[in-house]
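So the structure is just underneath, and the comments pick up after that.
The values are calculated or read from the model by the stated rules, or taken from the named source; none is laboratory data. Remember, predicted model here, so these are calculated numbers, not experimental data. Cβ placement follows ideal geometry from the backbone for every residue including glycine, while neighbour counts extend to all protein chains displayed. SASA here: full protein model, heavy atoms, side chains in, ligands and nucleic acids out. Shrake-Rupley method; radii C 1.70, N 1.55, O 1.52, S 1.80 Å.
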Amino acid sequence: MYVGYLPTPEGHRRATRLAAAVLLCIAVCVAAASAWRLRDPGPAVWDLSTRVTERGLLRLAPYPHLVIGEERVLLGEEFKFGVQARLERLASGATWAASADDLEGTVVQVSGWVMTRGVRRMIALDPGAIGMELIDPPTGVIGAEAAMGAGVERDVTLTGELLDGKCYLGAMKPGDGAAHRACAMLCIRGGLPALFIADSGDERGRVYWATGGLGQGLGEDLVPLVARRVQVRGRERTLGQETVLFIESATPIR
């Protein structure tokens, strides 16, 4: 026991100093090891400093996106929502459109903030009317290069991770993995595009636009498997420079 009004015994003083030094070294080593084990969140960037304006051909399948030259740019809204509600509003203001489906093949101008990861981009649309504007009515001609059925198709079995496109492309860091699971599920249920990242074999690191077997979004049956390592069976089809994965079955493997 220490007595406050007496000097600390020299032996106790040396032991306290040694214990403090040892504990400090242990804390530094633990912190360094923890930092070293952290997963690299990747090079995704969401540039909120500059609002961009792009014009392109609107395609609705498997997810609404713009065809700009050879590039296909995914579209999203603020927060955790896809653009379906905006497309319905846009169609209701056009005398020639009965529903959002009639906007397929139209030329639109979009304005918003760009998320970029590698060669892929998504534009988070401005919440105002300038977020998406119709430029031309549909011509009735759908280019073969843009049609969902135009690409080469093959059956595949892959292992990897399902995740939401907006967060993976830059809205969150990390935008994948178990730590992001709850967010990814909300985003996909909100209508944002889903992606699949293969993690083994010759396809390791390849990114797919992921959808259910019918090509109409991921589907509630697959949402619980988001951010888990899964084995999927289905079909892949080229869509310009992208590849769409039509998932017919998925099994968690961890």
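Observations
- At least 18 Å along the helix axis (C-alpha) and Kyte average at least 0.5, DSSP helices within the chain: 10-37
- Each residue was assigned an accessible area with a 1.4 Å probe, and for Glu161 the value is about 40 Å².
- The local environment of Trp209, defined by Cβ-Cβ distances under 9 Å, has a net charge of 0 under the rule Lys, Arg +1 and Asp, Glu -1.
- Computed magnitude of the charge dipole of the chain (debye, nearest 20; Cβ of K, R +1, Cβ of D, E -1): 1420
- Heavy-atom accessible area, probed at 1.4 angstrom with all protein chains present, ranks Trp113, Trp209 as Trp113, Trp209, highest first.
- Accessible area of Lys166 in the full protein assembly, 1.4 Å probe (Å², nearest 10): 10
- Here the chain exposes an accessible surface that is 59 percent carbon and sulfur, computed with a 1.4 Å probe and the other protein chains kept in place.
- Ranked by solvent-accessible area (1.4 Å probe, protein heavy atoms only, all chains present), the residues Ser111, Ser49 order from largest to smallest as Ser49, Ser111.
- Mean separation of Cα pairs under 8 Å and 6 or more residues apart, divided by the residue count, gives the chain a relative contact order of 18 percent.
- Under the simplified labelling scheme, the Ser34-Thr16 pair shows an inter-label distance of 2.7 nm, with each label point 7 Å from Cα along Cα→Cβ.
- GNM top mover of Cys187, Cys25, Cys167 - the chain, alpha-carbon springs below 10 Å: Cys25
- Assigned charges on the beta-carbon of Lys, Arg, Asp, Glu; segment 44-122 dipole about Cα centre (debye): 240
- For log10 I(q)/I(0) by the Debye sum over Cα atoms at q = 0.09, 0.17 Å⁻¹, the candidate list reads (i) -0.36, -1.34; (ii) -0.37, -1.51; (iii) -0.47, -1.31; the entry that matches the value derived from this model is (iii).
- Largest-first ordering by accessible area, 1.4 Å probe, given options Tyr5, Tyr63: Tyr5, Tyr63
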